[in-house]
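To start, the structure itself, in structure tokens.
The values are calculated or read from the model by the stated rules, or taken from the named source; none is laboratory data. Being a predicted model, the structure only gives us computed values, none of them experimental. With ideal geometry, Cβ positions are generated from the backbone for all residues, glycine too; neighbour counts draw on all protein chains shown. Keep in mind that these areas ignore ligands, DNA and RNA; they rest on the heavy atoms of the full protein, side chains included. Shrake-Rupley method; radii C 1.70, N 1.55, O 1.52, S 1.80 Å.
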Amino acid sequence: VLLENGACPDAAGREGVTALELLLRKEREESADAEWIRQCADVLRRNRATLEATQEEHEARLIELRRSFGIKMVGALLLVQSPTAVPAEVLEALHLLFRDLPK
């Protein structure tokens, strides 16, 4: 319905992933029905969805986004309050943010 009403098939979500990239990732991970994935990918391609970046380029972009966003968030948080006064929930959120970054 969205594509029929002019939605951009290459629009990316918060992490910079397009619908087609997400479908191809699910296909590689075998985490969804293969026929459903193929049908969805066909609809996106018929509506001119493209893959502009390789998987490696996309993963590098995502890592850089997480790193830069995380640094900005930690800096802002520590400016607002003392590190010893940071609530446990915030520390957990920081842990989730940083856990997937390469070491």
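Okay, here's what the table says:
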quantity	calculated
Filter pass, G70 being out of contact with any Cys (no Cβ under 8 Å at 6 or more places or on another chain), on the phi > 0 side of the Ramachandran plot and either open to solvent by less than 60 Å² (accessible area, probe 1.4 Å) or at pLDDT 85 or above (or both)	no
Residue check for A32: surrounded by 13 or more Cβ atoms within 10 Å (Cβ to Cβ), in contact with a Gly (Cβ under 9 Å, 6 or more places away or on another chain), of a type in the set (G, A, S) and at pLDDT 75 or above	no
Pairs, first under 17 Å from C40 (Cα atoms) in the stretch 4-19, second open to solvent by less than 40 Å² (accessible area, probe 1.4 Å), C-beta under 6 Å, six or more apart	P9/L44; P9/A49; D10/T18; D10/A49; A12/T18; A19/L44
